[in-house]
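Below is one structure, written out as structure tokens; comments come after it.
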Number of protein chains: 2
Amino acid sequence: MLDRMRIVLVETSHPGNIGAAARAMKTMSLTDLVLVRPKRFPDPQSFWRAAGGTDVLEGARVVETLEEAINDCHWVVATSARLRRIPWPVLTPQAFADAARAREGQKIAVLFGREDKGLNNDELQACHCHVEIPGNPEYPVLNLAMAVQVVAYELYQRHIGEPPPLVWDRPPATTTEFEGFLGHLESVLVNSAFLNPGSPGQTMTRLRRLFTRVDLDITEVAMLRGVLTQLDPGEGDRN
Amino acid sequence: MLDRMRIVLVETSHPGNIGAAARAMKTMSLTDLVLVRPKRFPDPQSFWRAAGGTDVLEGARVVETLEEAINDCHWVVATSARLRRIPWPVLTPQAFADAARAREGQKIAVLFGREDKGLNNDELQACHCHVEIPGNPEYPVLNLAMAVQVVAYELYQRHIGEPPPLVWDRPPATTTEFEGFLGHLESVLVNSAFLNPGSPGQTMTRLRRLFTRVDLDITEVAMLRGVLTQLDPGEGDRN
């Protein structure tokens with residue numbers, strides 16, 4: 001879905017923001033950047049701030065009108081924090097990303113307005129809906145490139161779907177291995193008179209609860225048992 | 001939950017990034033910023049980039065060691081994009097925000113490392129888990145303040161819970177009002193010979209489907225019927 005997404009920056013003042021937006025796009029695998037009447041572009045500041053997103057910046061298309069930026073798009077949304085006299089349908093970035101994924105095969109444009117005054121009414125009304133990033137009611141004013149980052153982030157999360165599985169370097173312990181360790185531990189605690197088998201209290205329950213919470217892997221079990229054997233060599237032989 | 005969250009920036013090089021991070025925090029109602037050995041602070045660049053987040057920047061605490069930054073915290077996480085030899089538990093920003101909300105009453109620190117080389121192994125291992133922002137495998141390198149923005153954004157979304165309800169300026173049309181309009185429309189189409197009542201085809205079904213999709217409000221219904229009456233004054237009288 002990411003190749004169907006276009007980021008459109010309208011009359012951006014600061015070239016640094018254009019570069020930072022390009023970097024933000026790159027980090028989330030977006031590539032289609034269109035600039036409507038940028039104040040200063042190209043500019044060294046853009047390239048400096050783009051860092052590893054230089055290719056996105058170099059591929060940016062500069063146009064004179066919003067129409068040129070969105071003519072071939074099927075769905076156009078505006079990012080906006082402004083309340084308007086005639087309300088427009090509003091989505092959160094997450095709901096927008098869900099909707100964008102569902103619109104298979106559609107070219108989708110996301111508009112970002114001027115640093116100081118956002119998008120004007122004509123531009124806002126050219127959009128099917130508005131995306132508002134919920135934030136501090138007293139100061140919801142994200143920097144332009146930050147807003148691009150948040151929207152791009154949400155799109156990427158929808159693109160990859162479920163979070164990647166946990167990467168681990170050792171297989172998890174089986175129940176047998178886990179119980180072997182706990183039994184070993186208990187024996188050592190009894191041998192050392194830490195635990196009175198006649199009146200054990202909650203000690204083993206609490207230790208069990210502790211170790212179940214950490215999802216021990218086989219190396220960790222072996223290590224812990226190594227420690228126990230070290231501390232109580234006789235018990236290690238018996239288990 | 002937001003007042004339990006602390007953002008910790010470790011050995012930040014660029015004062016602009018500190019300011020941008022403060023602004024990002026402010027937009028998401030975070031206020032507790034700690035700087036561990038910043039390279040240049042205070043610095044005019046920080047204040048310029050902080051924009052409306054100046055109060056967060058002014059309230060920032062500068063410390064010499066990571067320990068001072070996190071000693072009073074119950075849960076400490078590190079943001080990181082690096083693969084390490086010994087993997088640590090990893091959360092997405094969303095899963096982290098869920099966990100942070102669940103840890104009622106706990107003070108929680110989120111560590112962000114150096115612009116060029118992140119956090120070192122000692123710092124990473126001081127953390128209970130790592131938060132990784134999923135991104136472009138070829139270039140997952142978010143700017144420091146961008147990473148702060150994404151994490152702060154996720155925390156704020158968990159804080160507010162469900163998205164706010166749709167704001168609209170007019171009550172929705174009732175079924176009676178909606179059907180009144182559709183009936184009016186059909187009459188006008190028949191009168192104008194656009195629709196042949198003997199062989200209507202799918203026209204009305206398609207128009208019905210169109211108008212059901214837009215959730216008409218009462219002003220829109222009145223407007224549309226005004227248009228129909230204008231185009232076919234006789235029919236307006238009859239309905």
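The values are calculated or read from the model by the stated rules, or taken from the named source; none is laboratory data. What you see is a predicted model; the values in this text were computed from it and never measured. Methodologically, a virtual Cβ is constructed for each residue, glycine included, from the backbone with ideal geometry; neighbour enumeration extends over all protein chains shown. Areas reflect the complete protein model, heavy atoms only, side chains present, ligands, DNA and RNA absent. Shrake-Rupley method; radii C 1.70, N 1.55, O 1.52, S 1.80 Å.
Summary table
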read-out	value
Residue tally, condition out of contact with any Ser or Thr (no Cβ under 8 Å at 6 or more places or on another chain) and under 19 Å from A:Arg158 (Cα atoms), over region A:104-128	6
So B:Gly16, is it open to solvent by less than 40 Å² (accessible area, probe 1.4 Å), in contact with a Phe, Trp or Tyr (Cβ under 6 Å, 6 or more places away or on another chain) and on the phi < 0 side of the Ramachandran plot	no
Selection count, region B:191-214, where residues are open to solvent by 80 Å² or more (accessible area, probe 1.4 Å), at pLDDT 85 or above and under 17 Å from B:Glu177 (Cα atoms)	2
Boolean, B:Gln106 is under 27 Å from the mean Cα position of the chain (by Cα), part of a loop (DSSP other than H, G, I, E, B) and either more than 14 Å from chain A (Cβ to nearest Cβ) or surrounded by fewer than 20 Cβ atoms within 10 Å (Cβ to Cβ) (or both)	yes
Elements of type helices (runs of 4 or more DSSP H) contained in region B:124-239, each with 1 or more residues being aliphatic (A, V, I, L, M)	B:144-160, B:175-191, B:203-212, B:218-231
Lone qualifier among B:Leu124, B:Leu119, B:Leu155 - being crowded, with 18+ Cβ neighbours inside 10 Å and out of contact with any Leu (no Cβ under 7 Å at 6 or more places or on another chain)	B:Leu124
Which numbered condition B:Glu68 misses (of (1) open to solvent by 40 Å² or more (accessible area, probe 1.4 Å); (2) touching a Ser or Thr at 6+ places or on another chain (Cβ under 6 Å); (3) not small (Gly, Ala, Ser))	(2)
Residues satisfying the stated conditions in region B:39-64, i.e. farther than 11 Å from B:Ala21 by Cβ and either crowded, with 21+ Cβ neighbours inside 10 Å or hydroxyl-bearing (Ser, Thr, Tyr) (or both)	B:Thr54
Hits in region B:130-143 - residues which are open to solvent by less than 50 Å² (accessible area, probe 1.4 Å) and more than 19 Å from B:Ile108 (Cβ to Cβ)	B:Pro134, B:Gly135, B:Asn136, B:Tyr139, B:Pro140, B:Leu142, B:Asn143
In region B:22-32, residue surrounded by the fewest Cβ atoms within 10 Å (Cβ to Cβ) [restricted to those that are at the interface with chain A (Cβ under 10 Å from one of its Cβ atoms) and either without any contact (Cβ under 8 Å) to a residue 12 or more places away in the chain or part of a helix (DSSP H, G or I) (or both)]	B:Arg23
B:Phe181 vs. criteria over 30 Å from B:Asn71 (Cα atoms) and either buried (at least 20 other Cβ atoms within 10 Å of the Cβ) or touching a Pro at 6+ places or on another chain (Cβ under 6 Å) (or both)	yes
Cβ-Cβ under 8 Å pairs, at least 6 apart or on other chains, region A:185-208 side within 16 Å of A:Thr229 (Cβ to Cβ) and touching a residue at least 12 places away in the same chain (Cβ under 8 Å), far side open to solvent by less than 80 Å² (accessible area, probe 1.4 Å) and among the polar types (S, T, N, Q)	A:Leu189/A:Thr203
Pair list, Cβ < 6 Å and 6+ apart or interchain, from region A:141-163 residues that are more than 7 Å from chain B (Cβ to nearest Cβ) to residues that are of a type outside the set (A, V, I, L, M, F, W, C) and open to solvent by 10 Å² or more (accessible area, probe 1.4 Å)	A:Leu144/A:Asn17; A:Leu144/A:Glu115; A:Ala145/A:Asn17; A:Ala147/A:Thr79; A:Glu154/A:Gln94; A:Arg158/A:Arg101
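The rows are residues; the columns are (1) at pLDDT 90 or above; (2) open to solvent by less than 70 Å² (accessible area, probe 1.4 Å); (3) under 30 Å from A:Gly161 (Cβ atoms); (4) among the charged types (D, E, K, R).
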residue: B:Val76; (1), (2), (3), (4): yes, yes, yes, no
residue: B:Ile86; (1), (2), (3), (4): no, no, yes, no
residue: B:Pro89; (1), (2), (3), (4): no, yes, yes, no
residue: B:Val148; (1), (2), (3), (4): yes, yes, yes, no
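Yes/no matrix, rows are residues, columns are (1) assigned to a helix (DSSP H, G or I); (2) under 22 Å from B:Arg158 (Cβ atoms):
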| site | (1), (2) |
| --- | --- |
| B:Asp3 | yes, yes |
| B:Arg6 | no, yes |
| B:Lys39 | no, no |
| B:Ala69 | yes, no |
| B:Asp72 | no, no |
| B:Ala78 | no, yes |
